[in-house]
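Structure first, commentary second.
The values are calculated or read from the model by the stated rules, or taken from the named source; none is laboratory data. The structure presented is a predicted model; accordingly, all values stated were derived computationally and were not measured. Neighbour counts run over all protein chains shown; Cβ positions are idealised from the backbone, glycine included. These area figures cover heavy atoms from the full protein model, side chains too; ligands, DNA and RNA do not enter into them. Shrake-Rupley method; radii C 1.70, N 1.55, O 1.52, S 1.80 Å.
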Amino acid sequence: MWTVSRRVALPCALALACTPGADSLGGGAETGSSTSSGVASEPASAASIDTYVDTTTDDAEPTPTGGGGSGDSGADELPHPWFTEVARAAGLDYEHGPLNEAPDCLVDAIAKDEPGAYCAAEWGAGGAAAADYDGDGWIDLYVTRVAAPDLLFHNEGDGSFSERAAEVGLSVQAQTNGAAWADIDNDGDLDLYVTTIGELRHRLYINDGGAFTEQAEARGAALASALQHTGTTPAFGDYDLDGDLDLYVGEWRNHVSLGDAPSHSRLLRNLGPETPGFFEDVTEAAGVLVEDVWEQVDNNMGAIPGVFVFSPAFVDLDGDDWPELVLTSDFGASRLFWNQGDGSFVDGTVAALVGSEENGMGASFADVDDDGDLDWFVSSISATAKKTGNRLFLNNGDRTFSDATDAFGVRDGDWGWGVALFDPDNDGDLDAILTNGWPTGPYLVDPARLWVNTRPPGASGLSTTHELAPHAGLTSTAMGRALVTLDYDRDGDLDVFVANFAGAPSLYRNDTDNGNGWLRVRVRGTQSNRDGLGARVLVRREQGGPAQLHEYGGPTHFLGHSERVAHFGLGPGDAPVWEVVVRWPATGVEQVFHGVARDSELVVVEPE
């Protein structure tokens, strides 16, 4: 699966040290200071992660830094991470918006005589996207709202955030839902795409030196029409491997309520490099039109006419460097489109044995069993009649998947939405987290879920999980929507932010204190897209041991995205990481590093 086109083998010594955040995805320049040893005698303090940029030419060795949280591991007998809810204390003090009911919905039901009776589209709203938008090395948060201006929370670097949307041109009154950061013009700073509900077009904000201007219509990304939009998740990726980022925009709407008209669920190809950051609609030409998918649905719910894409993603599921387009969709309409490598896709859903869930909502992609390919976790609905819950589709490596939902123990999450496969306790295996809730019946107080992996240290393969959310400090019963993971305090473990519908958000600071090590890898493309989306990072902790795989930008998708970093838990010990391999999607080049310091961050630049 891990094939090599051209291999650049490097010891970890070939690195260029830089100050924290100096070459983050938001921009910045490298510095030329270096060290002489790959191991430091004293680790740096928490919230002071040093980064190391590989240039493939400079001779310098990285210096490791320290990290790790502190806190109580809990009273139960099973090891697990520990979180503390700190949203208000950290300055994330806002309300998402009202819980509208008919006849006060944002979207009119124009195809039947019930104006204002289509609240379902907005009841699923609440987006969030994590990124270092200003390049200062600290991860910021953008959140969407439906009845008030969106908010941009700048990370102050001291555990707190300050709201700065108006300062940079992002405080615009709009009914918004999904959000995604990306450098669409490869100019070194992050632009922002935002979907809307009830409006007649989406928004694209171009970053020019820290100031944003809305340019969606001029750049072919507004998807403007006379039909009210019910936008969901925007997802970026370089599906044609030409070095710039393309865009898929999701939409959730049924024909009965909104009319049998073309949807705004579209694939937009970036026209760069001559006109970088401008787009053309190639949905039909690429073979990914989903207007008629509902007619193919065969499950125990019966087909519902409409387009129901909640969580699109570009992710390479067969290891050939070409990213697939995966659409996690409601009402049995999820689709896996294999990338043909010629600008087109083919629907392989049925043959791949996926899409069996009734109500696909959120999606996360990761190598759960450490076998060198990416698996697919889908959140759905359970605990009701005719609903069979979430799915974990385990990649067989031959363009087919096996249903490992019960083997992993993650079927029942109530009315699930945002989900993530991640390693919050840095023990080297992946746990799963899910947020949920719906404003009717028993789902008003759905508890969050945290499934903790029970795999023994140093082992590989699939193990089962235990659901330990209340023991780990995750006690919220709010109606969560977008869920993103990020290390906002830069202490080497992953925190969790949840945008809650019709309420205040949740920020769970990771206070786990178990002594486990970690490694974070960031990438910057030169021939591939600058953000490095689609780059694959493989980490082998010890020679001959199991490997961990992370695809850059691919893990979480629902109304936003997590911090784009390859985060690896290393478990106990103090030995350097045996091997780190970064594979670039546009060129197939692999860069290989040995003896990488634990508790450090490695920033790798693609060879030109």
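Go through region 279-306 and give me each residue that's open to solvent by 30 Å² or more (accessible area, probe 1.4 Å), touching a residue at least 40 places away in the same chain (Cβ under 8 Å) and farther than 23 Å from I197 by Cα.
If the condition is that a residue be open to solvent by 30 Å² or more (accessible area, probe 1.4 Å), touching a residue at least 40 places away in the same chain (Cβ under 8 Å) and farther than 23 Å from I197 by Cα, then A285, G287, N299, N300, M301 are the ones that fit.
Would you mind stating whether P439 is closer than 18 Å to P81 by Cα and part of a loop (DSSP other than H, G, I, E, B)?
Spelling it out, it is not the case that P439 is closer than 18 Å to P81 by Cα and part of a loop (DSSP other than H, G, I, E, B).
What are the residues in region 457-474 that are open to solvent by 20 Å² or more (accessible area, probe 1.4 Å), under 22 Å from D511 (Cα atoms) and either out of contact with any Lys or Arg (no Cβ under 8 Å at 6 or more places or on another chain) or among the small types (G, A, S) (or both), if any?
Result: P457, H466, P470, H471.
Report, by residue number, each residue of region 395-421 that is surrounded by fewer than 21 Cβ atoms within 10 Å (Cβ to Cβ) and either more than 22 Å from L468 (Cα to Cα) or not acidic (D, E) (or both).
Listed by number, the residues that qualify are N396, G397, D398, R399, T400, S402, D403, A404, A407, G409, R411.
Return the only residue of G560, G573, G544 being on the phi > 0 side of the Ramachandran plot, free of Cβ contacts under 8 Å to residues at least 24 places away in the same chain and either surrounded by fewer than 24 Cβ atoms within 10 Å (Cβ to Cβ) or not aromatic (F, W, Y) (or both).
Working: G560 fails: free of Cβ contacts under 8 Å to residues at least 24 places away in the same chain; G573 fails: free of Cβ contacts under 8 Å to residues at least 24 places away in the same chain.
Just one listed residue meets the conditions, G544.
Restricting to region 422-443, give me the number of residues that are surrounded by fewer than 20 Cβ atoms within 10 Å (Cβ to Cβ) and among the hydroxyl-bearing types (S, T, Y).
2
Inside region 373-394, can you point out the residues that are part of a loop (DSSP other than H, G, I, E, B) and open to solvent by less than 20 Å² (accessible area, probe 1.4 Å)? Reasoning before the result, please.
At the first step, the residues of region 373-394 found to be part of a loop (DSSP other than H, G, I, E, B) are 373-374, 379-380, 382-390.
Within region 373-394, D373, L374, S379, S380, S382, G389, N390 meet the criteria.
Just the residues that are within 24 Å of D599 (Cα to Cα) and assigned to a loop (DSSP other than H, G, I, E, B), please, taken from region 442-475.
If the condition is that a residue be within 24 Å of D599 (Cα to Cα) and assigned to a loop (DSSP other than H, G, I, E, B), then T454, R455, P456, P457, G458, A459, S460 are the ones that fit.
Residues of region 519-540 being touching a strand residue (DSSP E or B) at 6+ places or on another chain (Cβ under 6 Å) and over 18 Å from F365 (Cβ atoms), which ones?
Correct list: L519, R520, R522, R524, R540.
Among (1) surrounded by 15 or more Cβ atoms within 10 Å (Cβ to Cβ); (2) of a type outside the set (G, A, S); (3) not in a helix (DSSP H, G or I), where does D104 come up short?
Of the numbered conditions (1) surrounded by 15 or more Cβ atoms within 10 Å (Cβ to Cβ); (2) of a type outside the set (G, A, S); (3) not in a helix (DSSP H, G or I), the odd one out for D104 is (1).
Kindly indicate whether F236 is over 25 Å from Y118 (Cα atoms), of a type outside the set (G, A, S), in contact with a helix residue (DSSP H, G or I) (Cβ under 6 Å, 6 or more places away or on another chain) and surrounded by 20 or more Cβ atoms within 10 Å (Cβ to Cβ).
The answer is no for F236.
Among the residues of region 124-149, which ones are among the charged types (D, E, K, R) and either out of contact with any helix residue (DSSP H, G or I) (no Cβ under 9 Å at 6 or more places or on another chain) or within 17 Å of A90 (Cβ to Cβ) (or both)?
D132, D136, D140, R145
State all residues of region 193-210 that are open to solvent by 50 Å² or more (accessible area, probe 1.4 Å) and either aromatic (F, W, Y) or over 19 Å from F236 (Cα atoms) (or both); if no residue qualifies, say none.
Result: L200, D208, G209.
Looking at this structure, is F345 at pLDDT 95 or above, closer than 20 Å to H561 by Cβ, open to solvent by 10 Å² or more (accessible area, probe 1.4 Å) and in contact with a strand residue (DSSP E or B) (Cβ under 9 Å, 6 or more places away or on another chain)? Break it down into steps so the answer makes sense when it comes.
On the way: at pLDDT 95 or above: yes; closer than 20 Å to H561 by Cβ: no; open to solvent by 10 Å² or more (accessible area, probe 1.4 Å): yes; in contact with a strand residue (DSSP E or B) (Cβ under 9 Å, 6 or more places away or on another chain): yes.
No: the conditions fail for F345.
Only one of these is farther than 25 Å from G545 by Cβ and aromatic (F, W, Y): F408, F365, F401. Name it.
On inspection, the qualifying residue turns out to be F401.
Scan the strands (runs of 3 or more DSSP E) fully inside region 509-608 and keep the ones with 3 or more residues being closer than 29 Å to L78 by Cβ and of a type in the set (G, A, S).
On the way: elements: 517-524, 536-540, 547-551, 566-571, 577-583, 589-596, 600-605.
Fully inside region 509-608 and qualifying: 566-571.
What is the number of the single condition among (1) without any contact (Cβ under 8 Å) to a residue 60 or more places away in the chain; (2) open to solvent by less than 10 Å² (accessible area, probe 1.4 Å); (3) not hydrophobic (A, V, I, L, M, F, W, C) that T477 does not meet?
Of the numbered conditions (1) without any contact (Cβ under 8 Å) to a residue 60 or more places away in the chain; (2) open to solvent by less than 10 Å² (accessible area, probe 1.4 Å); (3) not hydrophobic (A, V, I, L, M, F, W, C), the odd one out for T477 is (2).
Looking only at region 248-274, which residues are of a type outside the set (D, E, K, R), modelled with pLDDT under 95, over 30 Å from E358 (Cβ atoms) and surrounded by fewer than 19 Cβ atoms within 10 Å (Cβ to Cβ)?
P273
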